[in-house]
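S.K.: For reference, the structure I am asking about is given below.
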Amino acid sequence: MSESHSRDRPPRLWPLALGHGLNDGYGAFLSALLPLLISRFGMSLAAAGLLSSFRSSVASFGQIPLGSLADRTGGRWLVIVGPAVTCTAMSLLGILPSYWAVAVALVAAGIGTAAFHPAGASLVAGGVGRRGLSMALFSAGGTLGAAVGPLLIAAVAGNLGLAFTPLLLLPAGGVVILLARTVPGTARPAHHNRSRLHRHPNAGQVLRLWSIGVLREFVSMSYYTFLAVLWTRRGASLTVASLALTVYSLSGVAGDLVGGRLSDRFGRKRVILSSVATAIPLFYLFLLADGWLSFLFLALAGATLIASIPVSIVFGQELMPEQRGLVSGVLMGLAWGVGSLLIGLVGYLGDLLGLEVALGLLTVLLVPATLLAAGLKEPHRDE
């Protein structure tokens with residue numbers, strides 16, 4: 001096969017979904033390692049929380065410049081180097097000698113994550129046809145990885161000790177080699193038809209999508225952050241509280257797949273609008289219910305809300321097809337980053353009013369998100 005033909009060949013989806021799972025799975029190691037790192041370095045909870053902020057802030061806001069770089073140079077090398085950097089940094093956490101060495105490694109992992117996400121999303125959207133389902137499968141790979149990653153690192157560090165975490169470089173290296181062998185080269189994109197983001201004729205629609213994304217991520221991440229606390233305050237064991245996190249994460253996989261497929265059939269706007277609107281009563285039913293019924297409503301709420309995430313990304317890429325990497329970075333990284341910065345407000349309200357009341361007030365933010373979704377205009381899609 002000639003090089004030019006290889007560069008025109010769209011990438012296979014499954015290696016990109018696998019790479020997404022690898023990147024996000026290794027990126028999730030920190031939460032499981034924190035108790036051991038706190039003991040090792042004598043950290044306060046504030047210092048431990050700062051470590052998480054190092055990685056998440058770089059991983060979120062770094063997607064804007066790296067997404068733009070993917071548009072200018074093609075995304076192939078970013079989807080290979082990104083997971084390699086993330087997995088190397090996270091696998092070495094167990095043997096690093098100091099708090100600040102861990103902090104530097106987490107910043108590096110954040111850069112790797114910021115490199116992978118917009119470039120991977122841009123490559124997934126490179127074909128025509130069922131873009132919604134393709135993006136959903138790509139997104140589901142990352143969600144599954146994030147659910148499995150803490151279990152993997154806990155098994156290694158818990159059974160063998162922190163000194164053995166570098167063993168996880170071996171499976172990561174295998175997947176990175178697979179990406180290098182299966183992700184085709186991409187032709188350098190043309191620059192002549194690219195306008196600045198704020199001057200693009202569809203900039204207003206992208207701003208709507210971003211605003212919906214900030215509100216959605218603020219709600220979703222706040223529920224995820226405080227789920228274990230909520231369940232233990234209800235009298236549940238830590239095991240049951242951890243199960244709630246797993247239920248919420250895995251329900252998102254189903255939401256990704258169903259939402260992506262439905263958007264190909266019925267349109268992006270309809271799925272985003274119905275997703276955000278339907279999640280509102282489901283979250284309130286979760287807060288009001290008890291026991292396993294509460295678990296059921298939690299799963300339905302998570303699946304319903306998260307269903308709109310890959311659809312929103314594809315929607316934005318169809319609005320700005322010449323800047324898929326940049327718009328993916330805006331709708332993923334910038335939305336997630338701004339949403340995560342606001343979570344502390346929920347904790348503050350929880351201290352004042354009670355956690356369930358705070359989460360109930362927070363859920364009201366999905367009402368303006370629904371109104372914003374109602375004003376979206378469906379872009380033209382190539383079939």
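Just so it is clear, none of the values below were taken in a lab; they were calculated from the coordinates. Predicted model only: the values in this text are computed from it and were never measured. Neighbour counts run over all protein chains shown; Cβ positions are idealised from the backbone, glycine included.
S.K.: Along region 164-180, what does the Karplus equation 6.51 cos²θ - 1.76 cosθ + 1.60 (θ = phi - 60°) give for ³J(HN,Hα), rounded to whole Hz, x for Gly and Pro?
M.R.: Per residue, the Karplus-derived 3J(HN,Hα) values read 9, 4, x, 4, 6, 5, 5, x, 5, x, x, 5, 5, 4, 4, 4, 5 Hz.
S.K.: Taking N as the number of residues in region 85-124, what is its alpha-carbon radius of gyration divided by 2.2 N^0.38 Å? The partial results should precede the final answer.
M.R.: Numbers: Rg = 12.0 Å, N = 40, 2.2 N^0.38 = 8.9 Å.
In units of the globular-protein estimate, region 85-124 measures up at 1.34.
S.K.: Pop out the Kirkwood hydrodynamic radius of region 232-383 from its pairwise C-alpha distances, inverse of mean 1/r, in Å to one decimal. Working shown, then result.
M.R.: Details: mean 1/r = 0.0598 Å⁻¹.
Value: 16.7 Å, from the Cα pair sum.
S.K.: If we count other beta carbons within 10 Å of each Cβ, what is the order of Met43, Met320, fewest first? List each step's numbers first, then the result.
M.R.: Working: Met43 17, Met320 24.
Going from least to most buried by this count: Met43, Met320.
S.K.: Once you put a point 7 Å from the Cα of Leu170 and another 7 Å from the Cα of Ala289, both along the Cβ direction, what distance in nm separates them?
M.R.: Inter-label distance under the simple model: 4.3 nm.
S.K.: Kindly write out, for region 350-367 in residue order, the coupling ³J(HN,Hα) from the Karplus curve 6.51 cos²θ - 1.76 cosθ + 1.60 (θ = phi - 60°), rounded to whole Hz, with x marking Gly and Pro.
M.R.: Taking θ as phi minus 60°, the curve returns x, 5, 7, 10, x, 5, 5, 5, 4, 5, x, 5, 4, 4, 4, 5, 6, 5 Hz for region 350-367.
S.K.: Over 21 Å apart: what share of the alpha carbon pairs of region 216-300 falls there, rounded to a whole percent?
M.R.: Values: 1117 of 3570 pairs.
Taking all Cα-Cα pairs of region 216-300, the fraction more than 21 Å apart is 31 percent.
S.K.: Give me D for region 324-378 in µm² s⁻¹, whole number, from Stokes-Einstein with Rh from the Kirkwood sum over alpha-carbon pairs, 20 °C and 1.002 mPa s.
M.R.: Values: Rh = 13.1 Å.
Using the Kirkwood radius from Cα pairs, D works out to 163 µm²/s.
S.K.: Still on this model: Would you mind calculating the gained length between Leu50 and Thr73 on full extension (0.36 nm times residue separation, minus the Cα-Cα distance), in nm to one decimal?
M.R.: Details: separation 23, 0.36 × 23 = 8.28 nm, distance 3.34 nm.
Roughly 4.9 nm would be gained on extension.
S.K.: Now for a different question. So what is the 222 nm mean residue ellipticity for the chain from helices alone, if each DSSP H run of at least 4 adds -39500 (n - 2.57) and you divide by all residues, rounding to the nearest 500 deg cm²/dmol? The partial results should precede the final answer.
M.R.: Numbers: 19 runs with 298 residues, N = 383.
My calculation for the chain gives -25500 deg cm²/dmol from helical runs alone.
S.K.: Please report, for the Cα atoms of region 25-128, the Rg to one decimal and the Dmax as a whole number; what are they, in angstrom?
M.R.: According to the Cα coordinates of region 25-128, Rg and Dmax are 14.9, 53 Å.
S.K.: Right, next: Can you pull the three principal axis extents for the Cα set of the chain, in Å, largest first?
M.R.: Largest to smallest, the principal-axis extents are 59, 47, 32 Å.
S.K.: Most exposed first by the Cβ proxy, i.e. fewest other Cβ within 10 Å, how do Arg216, Arg261 rank?
M.R.: On the way: Arg216 26, Arg261 18.
So the ranking, lowest neighbour count to highest, is Arg261, Arg216.
S.K.: Also, I was wondering about something else. Quick one: Cα centre-to-centre distance for region 133-178 and region 317-356, in angstrom?
M.R.: 24
S.K.: Using only the alpha carbons, work out the radius of gyration and Dmax of region 9-182 in angstrom.
M.R.: In Å, with Rg to one decimal and Dmax whole: 16.0, 53.
S.K.: HN-Hα J couplings of region 48-61 from phi, Karplus 6.51/-1.76/1.60, θ = phi - 60°, integer Hz, Gly and Pro as x?
M.R.: In residue order, the calculated couplings are 5, x, 5, 4, 4, 5, 3, 6, 5, 5, 5, 5, 7, 6 Hz.
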